[in-house]
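One structure is given here, and the rest of the page talks about it.
The values are calculated or read from the model by the stated rules, or taken from the named source; none is laboratory data. Nothing here was measured: the structure is a model prediction, and the numbers come from that model. Here the Cβ positions follow ideal geometry from the backbone for every residue, glycine too, while neighbour counts run over all protein chains shown.
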Amino acid sequence: MIRILIADDDEIFGENLKEILQRHGYDVARVTSGRSAIERLQEESFDLLLLDLVMPQLNGITTTQDLRKQKIDIRIIIMTAYASREISDTARESGVQGFIKKPFEIPVLLNLITSSLPSASSGDVAMVPAAC
(Lines give C-alpha, C1' and ligand atoms only; values in the text may rest on other atoms or scores of the structure.)
Protein backbone atom coordinates (compact mmCIF):
# COMPACT_ATOMS: atom_id res chain seq x y z
CA MET A 1 0.00 0.00 0.00
CA ILE A 2 1.25 3.46 -0.85
CA ARG A 3 2.07 5.54 2.23
CA ILE A 4 1.48 9.30 2.14
CA LEU A 5 2.46 11.87 4.75
CA ILE A 6 0.54 15.16 4.75
CA ALA A 7 2.26 18.20 6.29
CA ASP A 8 -0.16 21.12 6.56
CA ASP A 9 -0.76 23.50 9.44
CA ASP A 10 -4.45 23.86 8.57
CA GLU A 11 -6.04 21.23 10.84
CA ILE A 12 -9.36 21.03 9.00
CA PHE A 13 -7.83 20.89 5.53
CA GLY A 14 -5.24 18.32 6.60
CA GLU A 15 -7.74 16.04 8.28
CA ASN A 16 -10.20 16.25 5.38
CA LEU A 17 -7.47 15.48 2.86
CA LYS A 18 -6.31 12.53 4.98
CA GLU A 19 -9.82 11.06 5.04
CA ILE A 20 -10.28 11.52 1.30
CA LEU A 21 -6.98 9.85 0.46
CA GLN A 22 -7.72 6.97 2.83
CA ARG A 23 -11.02 6.42 1.01
CA HIS A 24 -8.99 6.15 -2.20
CA GLY A 25 -6.90 3.35 -0.71
CA TYR A 26 -3.83 5.19 0.55
CA ASP A 27 -2.22 4.70 3.95
CA VAL A 28 -2.10 8.30 5.23
CA ALA A 29 -0.56 10.04 8.23
CA ARG A 30 -0.45 13.76 8.90
CA VAL A 31 1.62 16.30 10.75
CA THR A 32 1.18 20.04 11.18
CA SER A 33 4.64 21.44 10.47
CA GLY A 34 7.72 21.05 8.33
CA ARG A 35 9.78 20.20 11.40
CA SER A 36 7.30 17.44 12.35
CA ALA A 37 7.45 16.10 8.78
CA ILE A 38 11.24 15.85 8.93
CA GLU A 39 11.10 14.11 12.31
CA ARG A 40 8.45 11.66 11.13
CA LEU A 41 10.40 10.89 7.94
CA GLN A 42 13.52 10.19 9.99
CA GLU A 43 11.55 7.52 11.86
CA GLU A 44 9.25 6.05 9.22
CA SER A 45 9.21 5.35 5.51
CA PHE A 46 6.65 7.01 3.25
CA ASP A 47 6.29 7.00 -0.53
CA LEU A 48 5.07 10.59 -0.86
CA LEU A 49 4.95 13.83 1.12
CA LEU A 50 2.13 16.31 0.44
CA LEU A 51 3.71 19.46 1.79
CA ASP A 52 2.08 22.84 2.35
CA LEU A 53 4.24 25.72 1.16
CA VAL A 54 3.35 28.29 3.82
CA MET A 55 3.69 27.05 7.41
CA PRO A 56 5.18 28.49 10.60
CA GLN A 57 8.81 27.66 11.45
CA LEU A 58 9.81 25.84 8.24
CA ASN A 59 8.07 26.54 4.96
CA GLY A 60 7.68 23.88 2.29
CA ILE A 61 10.78 24.89 0.34
CA THR A 62 13.02 24.93 3.43
CA THR A 63 11.57 21.60 4.55
CA THR A 64 12.30 20.12 1.12
CA GLN A 65 15.86 21.45 1.18
CA ASP A 66 16.42 20.02 4.68
CA LEU A 67 15.09 16.61 3.61
CA ARG A 68 17.40 16.60 0.58
CA LYS A 69 20.42 17.60 2.70
CA GLN A 70 19.66 14.71 5.05
CA LYS A 71 19.38 12.37 2.06
CA ILE A 72 15.83 11.37 3.02
CA ASP A 73 14.42 9.73 -0.10
CA ILE A 74 10.84 10.91 -0.48
CA ARG A 75 8.72 12.12 -3.38
CA ILE A 76 7.28 15.56 -2.63
CA ILE A 77 4.28 17.48 -3.90
CA ILE A 78 4.06 21.11 -2.77
CA MET A 79 0.54 22.44 -2.13
CA THR A 80 -0.05 26.18 -1.99
CA ALA A 81 -2.61 28.92 -2.34
CA TYR A 82 0.25 31.24 -3.34
CA ALA A 83 1.23 29.87 -6.75
CA SER A 84 3.53 31.80 -9.02
CA ARG A 85 6.13 30.94 -11.66
CA GLU A 86 8.90 31.95 -9.23
CA ILE A 87 7.59 29.68 -6.49
CA SER A 88 7.13 26.71 -8.84
CA ASP A 89 10.66 27.24 -10.23
CA THR A 90 12.10 27.37 -6.70
CA ALA A 91 10.15 24.23 -5.78
CA ARG A 92 11.48 22.43 -8.87
CA GLU A 93 15.06 23.47 -8.04
CA SER A 94 14.58 22.17 -4.49
CA GLY A 95 13.75 18.72 -5.79
CA VAL A 96 9.97 18.35 -5.64
CA GLN A 97 8.10 16.02 -7.97
CA GLY A 98 4.90 18.06 -8.13
CA PHE A 99 3.25 21.38 -7.41
CA ILE A 100 -0.47 22.07 -7.03
CA LYS A 101 -2.43 25.22 -6.30
CA LYS A 102 -5.05 25.23 -3.54
CA PRO A 103 -7.94 24.89 -3.71
CA PHE A 104 -7.72 21.90 -6.03
CA GLU A 105 -10.07 19.26 -7.32
CA ILE A 106 -9.45 15.85 -5.77
CA PRO A 107 -9.25 14.06 -9.17
CA VAL A 108 -6.50 16.50 -10.18
CA LEU A 109 -4.56 15.73 -7.00
CA LEU A 110 -5.05 11.98 -7.45
CA ASN A 111 -3.63 12.21 -10.98
CA LEU A 112 -0.69 14.23 -9.72
CA ILE A 113 -0.04 11.69 -6.97
CA THR A 114 -0.07 8.85 -9.50
CA SER A 115 2.27 10.66 -11.88
CA SER A 116 4.65 11.60 -9.04
CA LEU A 117 5.21 8.08 -7.77
CA PRO A 118 8.32 6.15 -8.85
CA SER A 119 6.45 3.68 -11.06
CA ALA A 120 5.14 6.56 -13.18
CA SER A 121 8.16 8.84 -12.93
CA SER A 122 10.21 9.85 -15.91
CA GLY A 123 12.30 12.26 -13.87
CA ASP A 124 10.10 15.20 -14.80
CA VAL A 125 8.40 17.49 -12.32
CA ALA A 126 4.63 17.33 -12.55
CA MET A 127 3.14 20.77 -12.23
CA VAL A 128 -0.53 21.63 -12.16
CA PRO A 129 -1.21 25.01 -13.78
CA ALA A 130 -2.21 27.80 -11.43
CA ALA A 131 -5.61 28.00 -13.11
CA CYS A 132 -6.59 24.52 -11.89
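Mind listing whichever residues of segment 3-25 are within 15 Å of R75 (Cα to Cα) and out of contact with any Leu (no Cβ under 7 Å at 6 or more places or on another chain)? Full working, then the answer.
Step one: filter segment 3-25 for residues within 15 Å of R75 (Cα to Cα), giving 3-7.
Across segment 3-25, the qualifying residue is only R3.
Mind checking whether some residue in segment 21-37 is in contact (Cβ under 8 Å) with a residue 40 or more places away in the chain and small (G, A, S)?
Checked segment 21-37: no residue is in contact (Cβ under 8 Å) with a residue 40 or more places away in the chain and small (G, A, S).
Can you tell me which condition L110 does not meet? The list is (1) closer than 14 Å to I4 by Cβ; (2) at pLDDT below 95, and all the others hold.
Evaluating L110 over (1) closer than 14 Å to I4 by Cβ; (2) at pLDDT below 95 leaves (2) as the failure.
Considering only segment 1-58, state which residues are of a type in the set (K, R) and either loosely packed, with under 13 Cβ neighbours inside 10 Å or modelled with pLDDT under 95 (or both). Steps first, please.
Step one: of segment 1-58, the residues of a type in the set (K, R) are 3, 18, 23, 30, 35, 40.
Across segment 1-58, the qualifying residue is only R23.
Only residues in segment 65-90 that are within 21 Å of L117 (Cα to Cα) count as the first member; pair them with residues that are assigned to a helix (DSSP H, G or I) and of a type in the set (S, T, Y), Cβ under 8 angstrom, at least 6 apart or cross-chain, and list the lot.
Matching pairs, first to second residue: Q65/S94; R68/S94; R75/S116; I76/T64; I77/S116; I78/T64.
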